[in-house]
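The block underneath contains the structure these notes are about, expressed in structure tokens.
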Amino acid sequence: MFDHFLETLQNKIISRGGSHLEIPAGLESEHSQKKDSKITSWLWEVPGFRRWRVTRLDAGSKLQVLNSVAYPDYSLDHPLMGIDLLWFGDRQKLVAVLDFQPLIQDPTYLEQHFTGLKSLNKQFPDLNSEETMRSFDPNQYFSPWLLFCRGGADQAEGSLPKAFDAFLNAYWDMHDAAAEQGSKLPPEEVIRLQISYDIYSAERDPAHGLFTSHFGKDWSDRFLHEFLFPASHQPA
């Protein structure tokens, strides 16, 4: 289901000079004999980004997951990039979240960085659901213009592929503009906010329960704190 999305994302990372970073031993991939599933992750360093992670969970026709978060360099204060795609085959259900994840909710900050995402929110009306996410406060580390959908095959095969490509291009455009304009927040504040993002996300990540059901609590706890949100053990 998500092979095209993964290939598109990885190719764009490589085209921007991405190089692999080492993943903590034992977290690169894992198999679940009970659920007949496999999870594989990649970690990238990309010019302008200190950390860009990608995870793919393949449980055949029952479940497909693609997740990615990009952390800009501390010298840049622009939003993180967040992707969460889940396909539940038995129910033909899609859950999709594509967002520029703001470090702060200041109106001037949002005005500076979100022109592209605002446009996409209008361009893809079936991916701008006003239904709220159940695990997160939409007013913290999420933008008002995120692309969010609980849909089905029509969205998964129709609007989502087009929106995904446009979303990645819009994020790169935003990144390039922000890098040229310079950061308004000092690096030490960006560090604090990115640490807070990891702490906040680790406490609320709904995928942790999903990973635990497939790969066990010990492995999933390590995956949460050592790979997904490695700064979550630090004080905010």
Legend entry - Residue check, Pro161 part of a helix (DSSP H, G or I) and either in contact with a His (Cβ under 8 Å, 6 or more places away or on another chain) or within 25 Å of Leu86 (Cβ to Cβ) (or both): yes
Legend entry - Gln181 among the polar types (S, T, N, Q) and surrounded by 17 or more Cβ atoms within 10 Å (Cβ to Cβ): no
Legend entry - Matching residues, the range 152-162, being without any contact (Cβ under 8 Å) to a residue 60 or more places away in the chain and within 19 Å of the chain's Cα centre (by Cα): Ser159, Lys162
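Which strands (runs of 3 or more DSSP E) sit wholly inside the range 1-64 and have at least 3 residues that are of a type in the set (D, E, K, R) and closer than 20 Å to Met81 by Cα?
On the way: elements: 29-32, 37-46, 49-59.
Per the criteria, 49-59.
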Inset, instruction - Would you be able to say whether some residue in the range 195-212 is modelled with pLDDT of 95 or more, of a type in the set (D, E, K, R) and part of a helix (DSSP H, G or I)? - result: yes
Legend entry - Residue, modelled with the lowest pLDDT, within the range 124-139, restricted to residues that are surrounded by 15 or more Cβ atoms within 10 Å (Cβ to Cβ) and either farther than 27 Å from Lys184 by Cβ or among the polar types (S, T, N, Q) (or both): Met133
Inset, instruction - Look at the range 48-67 and say how many of its residues are over 18 Å from the mean Cα position of the chain (by Cα) and of a type outside the set (A, V, I, L, M, F, W, C). - result: 3
Inset, instruction - Show the residue pairs that are 6+ apart or on different chains and have beta-carbon atoms under 7 Å apart, the first residue being within the range 105-127 and closer than 17 Å to Met174 by Cα, the second being of a type in the set (D, E, K, R). - result: Gly116/Asp173
Legend entry - Pairs with Cβ under 8 Å, 6+ apart, first in the range 8-23 and touching a residue at least 60 places away in the same chain (Cβ under 8 Å), second of a type outside the set (Phe, Trp, Tyr) and surrounded by fewer than 16 Cβ atoms within 10 Å (Cβ to Cβ): Thr8/Asp165; Arg16/Pro47
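The values are calculated or read from the model by the stated rules, or taken from the named source; none is laboratory data. The structure displayed is predicted, hence computed values, not measured ones. Cβ coordinates were reconstructed from backbone atoms using ideal geometry, including for glycine residues, and neighbour counts include every protein chain displayed.
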